[in-house]
Amino acid sequence: MGTGWSMRFAAPVGCDMAAIEAAILARLDVIITEMSHWRADSLISAYNRAAPGSWHALPADFARVMQAAIGIAHRSGGAFDPTIGHLVDLAGFGPDPARLDEDPGRIEAARTAAGWQRLRYHEGRLLQPGGVALDLSGIAKGHAVDAVANLLNEQGISDVLVEIGGELAGRGIRPDGDPWWVDLEDPPGISLPRLRIALHRLAVATSGDYRRGGHTLDPRSGRSIANGLHSVSVIHPSAMLADAWATALTVLGPEDGLATAKREGLAARLVADRELLSPALLAMLEY
């Protein structure tokens, strides 16, 4: 997925570390094989090349992510859209930066070909309507965080902090009895009071105009955002949903993003010319 991963956990006595690492790598490999557009032989790459009108059976991970992606695309008014693969490539953010192309005509053609409304998902099968290129980089990393945390729990490791591409999930507590404390990420050059979150059965994802090469695309226009919003962090029990909503709120901007976070009951911090905290996050901090 073009990023790295790390984790910390309290290993039970007698834990076979080599076996745990092998299990983690195997779990990640399943997700990468299904949803990484960085691999030409992945299922998502095959879908993106598929003929118009073809239906594709999705395995469990892919299906779960697509259902969530379509739901958030709908609820965000298209601020999050899993169909912008061609736009991402033209912006130079895909697997091949050499595909950067700022030609307005090509950008408009790619925007027209995209659109989550063109997707049809039914009983585990996804329609390729023609010309749609999926890019799940704004949600699949979060799903991978959840999947690895769940895997470790199944292996008897209940105290763990998982990180993939800057998205984190905490389960249980640290060996010293403290929760997994995480400081919310600040945009470069902006000094804010430290906001520390205890990730106990919680995840956090951050999106901003300084990530992915310094730009976030607005799927509705096909262009990089310029709405004055520098960073969004979302805290949620699901890293997958935190990941996608952080992207959506970033695209929506300070006012609409904060209003959407309030409507959806999201614990979110938005950083523009000032720090904006959603009611759900304020309630969490007061508690």
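Every number in this text was worked out from the coordinates using simple rules, so none of it is lab data. Keep in mind the model is a prediction, meaning the values are calculated, not measured. Ideal geometry is used to build each Cβ from the backbone, glycine not excepted, and the neighbour counts take in all protein chains shown.
At a glance:
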read-out: Stretch in the chain that is longest and holds no GluC sites (Glu not before Pro) that DSSP places in a loop and that have at most 14 other beta carbons within 10 Å; value: 124-287
read-out: Neighbour cut-off at most 16 other Cβ (10 Å), DSSP loop, chymotrypsin sites (Phe, Trp or Tyr not before Pro), region 30-110; value: Trp38
read-out: Fully extended contour minus Cα-Cα distance, from Thr112 to Ala26, at 0.36 nm per residue; value: 27.2 nm
read-out: Residue with peak Gaussian network fluctuation, the chain [Cα springs, cutoff 10 Å], from Met17, Met66, Met35; value: Met17
read-out: Beta bridges per DSSP with both ends in region 166-286, % antiparallel, nearest 5; value: 100
read-out: Relative contact order [Cα under 8 Å, 6+ residues apart], the chain, whole percent; value: 17
read-out: Candidates Ala198, Ala69, Ala110: whichever shows maximal mean-square fluctuation once the chain is modelled as a Gaussian network with Cα springs under 10 Å; value: Ala198
read-out: Separation of alpha-carbon centers, region 35-79 and region 244-286, rounded to whole Å; value: 27
read-out: Computed FRET value (nearest 0.05) for Trp55 with Arg220, which takes r as the C-beta separation and R₀ as 25 Å; value: 0.40
read-out: Fewest-first sequence of Ile173, Ile24, Ile164, Ile235 by Cβ atoms within 10 Å of each Cβ; value: Ile173, Ile24, Ile235, Ile164
read-out: Trypsin sites (Lys or Arg not before Pro) restricted to region 90-156 and DSSP loop, no more than 15 other C-beta within 10 Å; value: Arg120
read-out: Antiparallel bridges, percent of DSSP beta bridges restricted to the chain (to nearest 5); value: 95
read-out: Order of Asp41, Asp16 - criterion: other Cβ atoms within 10 Å of each residue's Cβ, fewest first; value: Asp41, Asp16
read-out: For the chain: rounded, prolate or oblate by the Cα gyration tensor [a/c cutoff 1.5]; value: oblate
read-out: Whole-number percent relative contact order across region 105-207, with pairs defined as alpha carbons under 8 Å at least 6 apart; value: 18
